[in-house]
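For reference, the structure is listed below as structure tokens.
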Amino acid sequence: MKILLTAEQIAEMVGYLGARLSDDYRGKNPLLIGCLKGCVVFLADLVRVITVPHAIDFVRTSTYGKRQVTSGVVRAELFDVDVRGRHVVIVEDIVDTGLTLGYLTEALTKQEPLSLKICALLVKPGAYRAPVAIDYKGFDIPDDFVVGYGLDWGERYRYLPYVAVVDEQDD
Ligand code: 5GP
């Protein structure tokens, strides 16, 4: 396993994103919506550096397919998330093809939020294939399968404090 982003690099980026969100959402009481499960570590750190009042909620998204392959079919459980009349920020750990975000954006837009923006910590090159604008973007990363900081490989490695690229020997 090769470390791609250290805990320190991630903390610095989370601080930067949190500061931008704090500036932009002053007085707006935004609703941050995390995409389970991968977002939990990022979201937990992000909310603690945002200095303006806000709320959090969760949706669950998954793509059918093998562990390292995005199949292209997105499934989302919106639970009872209610975004009507709210300023919403979707919080994603990683954007690969952008299909998940595209699907989620469409589903939430139907509920008529006041505004809808996207915050993603990691963005792969493939993201540019889908028409989703990432308003608050952390790191551009290579097109490798990564784990850690909430991201799993068959439910392993979510707990790592850094982001790493897995290789054959890790299986
Ligand atoms: P998209 O719909 O943008 O192609 O895929 C997004 C979802 O695929 C992410 O929320 C994440 O669950 C999963 N994913 C994409 N790339 C990676 C990766 O490198 N590592 C892990 N662990 N999950 C990934």
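The values are calculated or read from the model by the stated rules, or taken from the named source; none is laboratory data. Keep in mind that what you see is a predicted model, and the values were worked out from it rather than measured. Only protein heavy atoms, including side chains, enter the accessible area calculation; ligands, DNA and RNA are left aside. Shrake-Rupley method; radii C 1.70, N 1.55, O 1.52, S 1.80 Å.
The figures follow:
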| quantity | calculated |
| --- | --- |
| Fraction of accessible area attributable to carbon and sulfur, the chain (%, probe 1.4 Å) | 52 |
| Principal axes of the chain: Cα extent on each, largest first, Å | 49, 35, 26 |
| 21 Å Cα-Cα reach of Lys137 towards lysines, excluding residues that sit fewer than 8 places from it in its own chain | Lys28, Lys37, Lys117, Lys124 |
| At 0.890 mPa s and 25 °C, Stokes diffusion of the range 74-117 via Kirkwood alpha-carbon radius, µm² per second | 223 |
| Residue-normalised accessible area of the chain, expressed per residue, 1.4 Å probe, Å² | 51 |
| Fraction of antiparallel bridges per DSSP, the range 112-171 only, in percent to nearest 5 | 50 |
| Eligible aspartates and glutamates near Lys2 by straight Cα distance, threshold 12 Å, same-chain separation 8 or greater | Asp144, Asp167, Glu168, Asp170 |
| DSSP beta bridge pairing in the chain, given as percent antiparallel to the nearest 5 | 35 |
